[in-house]
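The values are calculated or read from the model by the stated rules, or taken from the named source; none is laboratory data. Only a predicted model underlies this, so the values are computations on that prediction, with no experimental measurement involved. Ideal geometry is used to build each Cβ from the backbone, glycine not excepted, and the neighbour counts take in all protein chains shown. The accessibility values were calculated without ligands, DNA or RNA, using every heavy atom of the protein model including side chains. Shrake-Rupley method; radii C 1.70, N 1.55, O 1.52, S 1.80 Å.
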Amino acid sequence: MNDNYRGGVPLAEVVRSGFVESLHRGSVVLLDGAGAVLEASGDVESAIFPRSSNKPLQAIGMLRAGLRLRDAADLALVCASHHGEGFHLERVRALLRSAGLDESALHCPPDMPLSEDARAAVYRAGGGPARVQMNCSGKHTGMLLTCLAAGWPVQGYWRPEHPLQEQLRGAVEECAGERVTAVGVDGCGAPVLAISLTALARSFLRLVSAAPGSAERTVADAMREHPTIVAGTGPDAYDSHLMAGVPGLLLKSGAEGVLAAALPGVGAVALKIDDGGARGRVPVLVSALRRLGVDAPVLDEFASLPVSGGGAPVGAVRSLPLFGAGPA
């Protein structure tokens, strides 16, 4: 953690055979539909790296720089942390071909698909890691196409000083309503920009509340219209399942336990699990959405995640009460 982040409070517990085995600490903030802070736990004002939760904000910068895509599904792919299923990879390759590029133009590192089934299929076919399979290949393709549209060089498009990255930083700062306080190198090799959890929640609320036809609303609508593009179809594609199951919900998770979500007229949530683990954040999100009054069958499905022993469920990862008394 950076020197300013003070750390969080217990947000989730891991129960095995009726015994609390582990706790996940973190920070979470809830905003109302007007953007005011309703409740917060932990440190929600110091900067964190939102990781892939920044992707929708970066996509806004791409649109403003002149990116034009064939359809909303392509824009959802630019915002995605896709699981590398066939329909994801076909779309990335088609976008690259449309610009006269191939996979060698991508700066993201070679990787295997996040989807277990897709990964197994690659191995069965005798394949291995590839840049197009990396979960950020859609974002990198969008960056390349934006450079071509704006007349910027594609060489070094991932470097913070490149005109593209300066444009994207400006978009993130505008949406967040605060300055980026640190720039790092994300897992995909592109810049990652530090803002607070409160600013991250505010930015997602801005996207879903924006006027139709604006860059913000165009990004939000594309992700909500094509949720399986944003993550995938497998059981652990939580972003996709929750957006499909909660009408109007915009949701994007990021590495190191980050997640942000918003519903127009309802409010927004942003959270970070301090240890960087992913398993605690979905039950915490469900608890936070319920605190905002959201109700949908899919929330019951993901209110807890199973803990296995001997190949069978023996417990669960579940949210603790986030803000004192109230539903969890």
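Descriptive notes on the structure:
- Pairwise Cα inverse-distance average, inverted: Kirkwood Rh of the range 212-328 (Å): 14.9
- Column: log10 I(q)/I(0), Debye, Cα scatterers of the range 140-261, q = 0.14, 0.16, 0.20 Å⁻¹: -0.69, -0.91, -1.34
- Each label point was placed 7 Å from the Cα along the Cα-to-Cβ direction; for Ser22 and Ala149 their separation is 4.1 nm.
- log₁₀ of I(q)/I(0) at q = 0.23, 0.24, 0.27 Å⁻¹ - the range 252-320, Debye sum with one point per alpha carbon: -1.03, -1.09, -1.23
- Overall form of the range 136-208 per C-alpha gyration tensor (a/c, 1.5; a/b vs b/c): prolate
- Between the range 90-140 and the range 273-311, the alpha-carbon center distance in angstrom: 29
- Average projection area in nm² (convex hull over Cα atoms of the range 51-171, one quarter of hull surface): 7.0
- Isolated Cys in the chain, by beta carbon distance under 4.7 Å: Cys79, Cys147, Cys175
- Portion, in percent, of the accessible area of the range 1-152 that falls on carbon or sulfur, probe 1.4 Å: 49
- Here, the chain has an Rg and a Dmax of 19.0, 60 Å when only alpha carbons are counted.
- Mean Cβ count within 10 Å, highest first, over the residues of peptides 266-276, 171-181: 266-276, 171-181
- Along its first, second and third principal axes, ordered by size, the range 25-119 spans 48, 34, 21 Å in Cα coordinates.
- Accessible surface computed residue by residue for the range 253-317, with neighbouring protein chains in place and a 1.4 Å probe, gives 35 Å² per residue.
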